[in-house]
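To start, the structure itself, in structure tokens.
Quick note: the coordinates plus some simple rules give every number you see, no bench work behind them. Keep in mind the model is a prediction, meaning the values are calculated, not measured. Note that we place each Cβ from the backbone using ideal geometry, even for glycine, and neighbour counts take in every protein chain shown.
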Amino acid sequence: MNPDFKEDSVRELIIAPLLSRIGYSHKGEMRVARSKALSHPFIRVGTRNHPVISIPDYTLFFKGAPILVLDAKAPCENIYLDSHVQQAYSYAIHPEIRCHEFALCNGREIAFYDIDHRDPISVVSFSEFGEKWEVLRKHLSPEYILKPARRRFAPDYGLALHLLGIEASSDLYMLGTRLNLYARIDEHLFTASANVEHASVPHMASFDFTHSMLELVISCLPADLASQFSGAMSRAPFKACAGLAIELDLHCHVGEIIANAEERFAPLIVEEVLASRFIPDPGLAEPDDIPDDIFKLRKAYKTGGCP
């Protein structure tokens, strides 16, 4: 690396553009503050005051509350060095900050830490920033910092299609799709999810379809099961689990990106249900994380709901 590329270059040429792309700015809900000083620069350890001698370069805020601190180092510095990690940790746990996560970046790589673990929870090298953009986003965006369990979720298929430049006018044919959890969004729209593979990586896809299409979706079911399924979609909690026993051929297009405080995704908009097939024994394990108050298709026909 160029010897003139030092800590200030790391801040301005790598970290600042990265945070800007995530959505942080100097104001608003997602705010970044530079070198935020502490009113009382020490933390209490037993009966003694332990000084906080280093102020990280960036503190990330969401709705006014600090959520992550990020410290820049020169490329020649080791971001795994105990003293560097301890300095960022001390600042993160300070009563005026109270962040559960912190990060260090030397321009060569960025390491993300959790205050409950000594080793990094994730490391991304600069050469992988494009390839591992979703990993960076999952460690810098508020919806994941505040709810770390969401990082285990598969990446969104619709977002992947947007990154490929697939336009809304493009026809997508999803054949042999096993939708699992169906939910009513409003009086006009339903949505359902499915696991799909993209570039050899499991993704989660969301499919939005109109109420008029539900009849075609469940047209493969025996009348009694179809009635139970549609009934479940018309009353609280307005959800039904197909248990991967309904296989569909769908004509779709990719929808607009939807972003909120909880997530960011792009649903596939169903244009036409081309075929629907009932597979009583799909040869796949039934999902075991579905709440008890949701109708389960496979349970219904296994207990006599199917003629």
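So the values come out like this:
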{"item": "Highest to lowest packing among 56-64, 240-248, scored as the average C-beta count within 10 Å", "result": "240-248, 56-64"}
{"item": "Distance (nanometres) between label positions extended 7 Å along Cα→Cβ at LEU274 and ASP186", "result": "3.0"}
{"item": "Stokes-Einstein diffusion coefficient of the chain, Kirkwood radius over Cα pairs, 4 °C, 1.567 mPa s, in µm²/s", "result": "58"}
{"item": "About the Cα centre, charge dipole magnitude for the stretch 155-231 (Lys/Arg +1, Asp/Glu -1 at Cβ), debye", "result": "180"}
{"item": "Among HIS253, ALA266, ALA242 - extreme Cα towards positive end, dipole of the stretch 170-307, charges at beta-carbon", "result": "ALA242"}
{"item": "Theoretical gain in end-to-end length, SER200 to LEU175 [0.36 nm per residue, Cα-Cα removed]", "result": "7.3 nm"}
{"item": "Calculated FRET value between PHE238 and GLU131, using beta carbons and R₀ = 45 Å, to 0.05", "result": "0.70"}
{"item": "Degrees between helix 223-233 axis and first principal axis of the chain (Cα, 0 to 90, nearest 10)", "result": "30"}
{"item": "Distance in nm between pseudo-label sites at ALA223 and SER20 (7 Å out along the Cβ direction from Cα)", "result": "6.5"}
{"item": "Potential lengthening between GLN86 and ARG31 on full extension [0.36 nm per residue; Cα-Cα distance subtracted]", "result": "17.3 nm"}
{"item": "Nearest-20 debye value, the chain charge dipole, Cβ charges on Lys, Arg, Asp, Glu", "result": "1060"}
{"item": "Which of THR177, PHE209, ILE166, positive extreme of dipole for the stretch 163-221 (C-beta unit charges)", "result": "THR177"}
{"item": "MRE, 222 nm, helices only [DSSP H, n ≥ 4, -39500 (n - 2.57), over the chain, to nearest 500]", "result": "-5000 deg cm²/dmol"}
{"item": "Global geometry of the stretch 129-249, whether rounded, prolate or oblate, following the gyration tensor of its Cα atoms and the 1.5 cut on a/c", "result": "prolate"}
{"item": "Estimated FRET transfer efficiency (LEU284, SER212; beta-carbon r; R0 41 Å; 0.05)", "result": "0.90"}
{"item": "Peptide ranges 133-143, 105-115 listed from the most packed, as the mean C-beta count within 10 angstrom indicates", "result": "105-115, 133-143"}
{"item": "Pair LEU164, ILE121: separation of 7 Å Cα→Cβ label points (nm)", "result": "3.1"}
{"item": "The chain: antiparallel DSSP beta bridges as a percent of all, rounded to 5", "result": "85"}
{"item": "Cα centroid separation, the stretch 67-83 to the stretch 170-205 (Å)", "result": "40"}
